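Just so it is clear, none of the values below were taken in a lab; they were calculated from the coordinates. No experiment lies behind these values; they were computed from the predicted model shown. Note: ideal-geometry Cβ built from the backbone for every residue, glycine included; neighbour counts use all protein chains shown.
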């Protein structure tokens, strides 16, 4: 039998399809073009704050990738702004060439702007993220100013070496570790409330270091409504291990009786400072005859006797009165562990200082026994009253020396001295911090402590030159 071969018959359209498919490699279509995926983009934070004219403002890390492409081939830029008067696309700078870039914003004016951050990959494919940006106004000494974010209520600061500091907050029981020369979020945080026996706000207002221990105290005063709050009388200690960026803190003990001890001591000495009256229920702490501590530092050559510096009362409690320091002579014994009701504070001879009618907002000593005193008003109207910086030798018989007046035109209350340089050295500089909690930073009528995003909450630190 003869075999028959069948020949396929193609209609004209099918022939064209087959030929077109065969010709694809010959027409030069880019190999692998269809394999590029949609780029991905992520931001280390969706919220960012800045300041007009600032140096070293906080940055955001931008991470980008695209399947089928090297990350270095991707471009990142701001493509839109909801309010160019605050920050336009040209005010956004992106540095870096790999999968991780750094984004900064140089704002033009105070306010808010949502910035669209766009990554463009190979094949013309793109992706975007929104960065919610807030800008505060320019401040004096802008080149010497940095901003610690995550909290707006800095109330005490202690240097821990290596260019880092631990900052306390009078609106929470969180201690935060920051770089001193940069702006941005804390490197590490410690919520110490329960470990220090507190279930509510301690109102931390002062801290000082002796060796490997940092001592901290609440204000011991009533709250702004005159209510007695027990946790605000907490004195506690933290043991320091490591230094700089590797600093770790552990609560090593606390004491809840210092307020009661001070009041009892004053009563036993004729109520000369009116502590009982100033601390009574219904009395506000920020009054010329109130009861409110905001400074703590060790006496010359001591690691056990510490001065408690009072914001109120003045002595006498009237305009032009002197600032009050009360030495606690056994501070180290009060915080040896859990509260021991058999141990009470003992006190030395009080010291009164002429600070031009101002009171103590912070006091700090260096290893050479030189003191700086940050002086401010006992009143609550922080931004309208004067501030000054004084030097002192720690001796009750020596008068403090006024070094400089601090600027009061910018938001925030001067609250903390980070450390004390050699005051005899030419060009000596010190770093001070503000409590910005009550400040309207962004022009929307909101106090900074009430802002919903911690990245927008910030305190200010500024270096001041103390000598020529």
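Points to keep in mind about this one:
- Gap separating the Cα centres of segment 393-460 and segment 59-113, nearest whole Å: 32
- Inter-part distance where segment 126-196 and segment 213-253 are each reduced to a Cα centre, Å: 17
- Shown for 435, 385, 181, 261: other C-beta atoms within 10 Å of each C-beta, ranked fewest to most, produce the order 181, 385, 261, 435.
- Efficiency of FRET between residue 55 and residue 399 - r from beta-carbon atoms, R0 41 angstrom, step 0.05: 0.65
- Unit Cα scatterers, Debye sum, segment 344-423: log10 I(q)/I(0) for q = 0.21 Å⁻¹: -0.99
- Against the chain, whose longest principal axis comes from its Cα atoms, helix 12-23 is set at around 50 degrees.
- Over the chain, DSSP H runs of length four or greater, each weighted -39,500 (n - 2.57), average out per residue to a 222 nm ellipticity of -1500 deg cm²/dmol.
- Highest-first packing order for the peptide set 200-206, 218-224 is 200-206, 218-224, based on the mean count of other beta carbon atoms within 10 Å.
- The stretch between residue 80 and residue 408 holds 114.5 nm of extra length on full extension. This uses 0.36 nm per residue minus the Cα-Cα distance.
- Length gained when the stretch residue 330-residue 318 is fully extended (0.36 nm per residue, less Cα-Cα span): 1.2 nm
- Scoring 106-112, 94-100, 390-396 by mean Cβ neighbours within 10 Å over their residues and listing the highest first yields 106-112, 390-396, 94-100.
- Normalised by 2.2 N^0.38 Å, where N is the number of residues, the alpha-carbon radius of gyration of segment 37-136 equals 1.05.
- FRET efficiency for the residue 44 to residue 200 pair, using the beta carbon distance and R₀ = 30 Å, is estimated at 0.40.
- Among 414, 216, sorting on how many other beta-carbon atoms sit within 10 Å of each Cβ, with the fewest leading, yields 414, 216.
- Annotation: peptides 321-332, 419-430, 73-84, 145-156, ranked by per-residue average of other Cβ atoms within 10 Å with the highest first, follow the order 145-156, 321-332, 73-84, 419-430.
- Label of the coordinate-derived value, Cα Rg over 2.2 N^0.38 Å, listed as (i) 0.99; (ii) 2.76; (iii) 1.33: (iii)
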